[in-house]
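**Student:** Encoded as structure tokens, here's the structure I'll be asking about.
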Amino acid sequence: MSKLQFDVISIFPEYLAPLSLSLVGKAQENELIDIAITDLRDFAQGAHKSVDDTPYGGGAGMVMSAEPWANAIESVAQKSTGHHELIMLTPAGKRFDQSMAYELAQKEHLIFACGRYEGIDYRITEHYQGVENFTVREISIGDYVLNGGEVAALVILEAIIRLIPGVIGNPASLEEESHSIRGEENENLVEYPSYTKPASWRGHEVPPVLLSGNHAEIARWRSAQSEARTRQLRE
Ligand code: ADE
């Protein structure tokens with residue numbers, strides 16, 4: 001299997017430093033994935049290296065200009081010959097979820113465009129929708145507004161990378177976590193509660209069924225807990 005390639009384009013490359021830590025950092029060291037961070041400013045034009053301008057039609061704030069973005073995107077795209085998924089991070093995008101994480105973990109090259117200010121000139125989305133070898137997706141991590149796409153890229157990268165074979169030591173743990181558990185109608189359920197030693201802590205006891213050694217009973221209890229917690233969240 002060829003290595004999954006991730007590129008992140010941002011005017012704040014330092015924001016993406018956490019990518020060298022923990023499981024994501026290890027996955028890079030172990031050459032399971034390759035993550036490159038590109039500074040958009042390197043593709044800015046003019047003496048002022050400007051990457052934004054005032055919005056057509058008026059309004060507050062600045063809009064990121066198309067040309068530096070196109071140059072940065074094309075520079076990272078030329079590193080690989082296959083298909084590129086261009087991910088535009090925006091609160092106006094489709095809501096990210098676990099099924100999207102699974103889908104994106106199957107792709108060969110993901111390019112994350114971290115917009116700032118009032119976003120990126122929309123013609124970047126329009127243009128790459130029409131370029132062969134590109135799929136453009138606008139993705140949001142939730143219904144709130146961040147200062148830029150960097151934190152959203154970190155969230156999405158972490159959710160995707162832990163699904164790549166070899167990244168997590170015990171892949172069975174992926175099957176029993178929130179949003180991987182299926183309910184009776186095949187809906188996503190959240191995880192059941194977990195406990196570890198000691199069995200009694202400050203007067204709180206571990207549910208006795210978990211100490212019973214009866215695996216069928218334990219599985220039934222866990223699935224009932226998942227159903228109940230999910231129903232409560234959705235109320
Ligand atoms: N940029 C600003 N807010 C965002 C959000 N909620 N999701 C993705 N990118 C964003």
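**Student:** Does the stretch 123-133 contain any residue that is exposed (fewer than 12 other Cβ atoms within 10 Å of the Cβ) and closer than 19 Å to Ala27 by Cβ?
**Tutor:** No, the stretch 123-133 contains no residue that is exposed (fewer than 12 other Cβ atoms within 10 Å of the Cβ) and closer than 19 Å to Ala27 by Cβ.
**Student:** Might you let me know whether the stretch 157-165 holds any residue that is within 17 Å of Ser99 (Cα to Cα), in a strand (DSSP E or B) and of a type in the set (Lys, Arg)?
**Tutor:** No: the stretch 157-165 contains no residue that is within 17 Å of Ser99 (Cα to Cα), in a strand (DSSP E or B) and of a type in the set (Lys, Arg).
**Student:** Still on this model: From the list Gln129, Gln225, which one is more than 16 Å from the ligand (Cβ to nearest atom) and under 30 Å from Ala66 (Cβ atoms)?
**Tutor:** Gln129
**Student:** Kindly provide the set of residues from the stretch 166-182 that are out of contact with any strand residue (DSSP E or B) (no Cβ under 7 Å at 6 or more places or on another chain), part of a loop (DSSP other than H, G, I, E, B) and more than 16 Å from Ser22 (Cα to Cα), ordered by number.
**Tutor:** The answer is Pro171, Glu176, Glu177, Ser178, Ser180.
Per-residue answers, yes or no, for (1) open to solvent by 90 Å² or more (accessible area, probe 1.4 Å); (2) closer than 23 Å to Arg123 by Cα; (3) not aromatic (Phe, Trp, Tyr):
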| position | (1), (2), (3) |
| --- | --- |
| Ile9 | no, yes, yes |
| Asn30 | yes, no, yes |
| Asp34 | no, no, yes |
| Leu40 | no, yes, yes |
| Phe43 | no, yes, no |
| Met62 | no, yes, yes |
| Ala70 | no, yes, yes |
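**Student:** Would you pick out the residues in the stretch 183-215 that are hydrophobic (A, V, I, L, M, F, W, C), part of a loop (DSSP other than H, G, I, E, B) and over 30 Å from Ser99 (Cα atoms)?
**Tutor:** Scanning the stretch 183-215 gives Ala199, Val206.
**Student:** List the helices (runs of 4 or more DSSP H) that sit entirely inside the stretch 58-136 and contain at least 1 residues that are within 13 Å of the chain's Cα centre (by Cα).
**Tutor:** Because the criterion is at least 1 residues that are within 13 Å of the chain's Cα centre (by Cα), the helices (runs of 4 or more DSSP H) in the stretch 58-136 that meet it are 98-104.
**Student:** Can I ask one more? Taking Asn147 as the residue in question, decide whether it is more than 16 Å from the ligand (Cβ to nearest atom), closer than 30 Å to Ile11 by Cβ, under 22 Å from the mean Cα position of the chain (by Cα) and modelled with pLDDT of 95 or more.
**Tutor:** Spelling it out, it is not the case that Asn147 is more than 16 Å from the ligand (Cβ to nearest atom), closer than 30 Å to Ile11 by Cβ, under 22 Å from the mean Cα position of the chain (by Cα) and modelled with pLDDT of 95 or more.
**Student:** Moving on. Looking only at the stretch 83-98, count every residue that is more than 9 Å from the ligand (Cβ to nearest atom) and open to solvent by less than 20 Å² (accessible area, probe 1.4 Å) and tell me the total.
**Tutor:** So the count comes out to 4.
**Student:** Something else: What's the number of the only condition in (1) within 10 Å of the ligand (Cβ to nearest atom); (2) at pLDDT 95 or above that Ile111 fails to meet?
**Tutor:** (1)
**Student:** From the list Ala159, Ala101, Ala105, Ala199, which one is more than 16 Å from the ligand (Cβ to nearest atom), modelled with pLDDT of 95 or more, closer than 23 Å to Thr38 by Cα and in contact with a helix residue (DSSP H, G or I) (Cβ under 8 Å, 6 or more places away or on another chain)?
**Tutor:** Ala105
The values are calculated or read from the model by the stated rules, or taken from the named source; none is laboratory data. Note that the coordinates shown come from a computational prediction; the quantities given were computed from them, not determined experimentally. Every residue, glycine as well, gets a Cβ built from its backbone with ideal geometry; the counts of neighbours run over all protein chains shown. Heads up: the accessible areas ignore ligands, DNA and RNA and are worked out on the full protein's heavy atoms, side chains in. Shrake-Rupley method; radii C 1.70, N 1.55, O 1.52, S 1.80 Å.
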